[in-house]
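Notes for the one structure printed next.
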Amino acid sequence: MNDHGPKRSLDVAVESYDAIYAPRLVATVNDSDVRVAKVEGDHTWHAHADTDEFFLCLAGEFTINLRNAEPVVLGQGELFTVPRGVEHFPQAAP
């Protein structure tokens, strides 16, 4: 018996929608949600007061611009965590 929830395919979850910068829940771990989003073009400057934001690039490349710091460019398989309260601006080439 599996008490851990259903097995999921990340590829199927990502391919199941086309919305840009609209994160969708794919799993919950302890008290944290795991969401996936497609990125294209510019998002907006924003910060999260109560939580860090974890980024993992599954394909392509995108940039996380940070207030008062050098931008972080992520390629396939690379990850980065923006600490809570840090203003950031994700963007990806169209």
Inset, instruction - Leaving out ligands and nucleic acids, note down the accessible area per residue over the chain with a 1.4 angstrom probe, in whole Å². - result: 73 Å²
Legend entry - Cα radius of gyration and Dmax for the chain (Å): 14.3, 50
Inset, instruction - Just check the range 1-51 against the gyration tensor rule for me: Cα atoms, a ≥ b ≥ c as the square roots of the eigenvalues, rounded for a/c under 1.5, and otherwise prolate or oblate depending on whether a/b exceeds b/c. - result: oblate
Inset, instruction - Could you look at the chain and say what percent of its accessible area is carbon and sulfur, using a 1.4 Å probe and all protein chains? - result: 50 percent
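The values are calculated or read from the model by the stated rules, or taken from the named source; none is laboratory data. The shown structure was predicted, so the numbers you read here are calculated from the model rather than taken from an experiment. Side chains included, ligands, DNA and RNA excluded: accessible areas come from the protein's heavy atoms. Shrake-Rupley method; radii C 1.70, N 1.55, O 1.52, S 1.80 Å.
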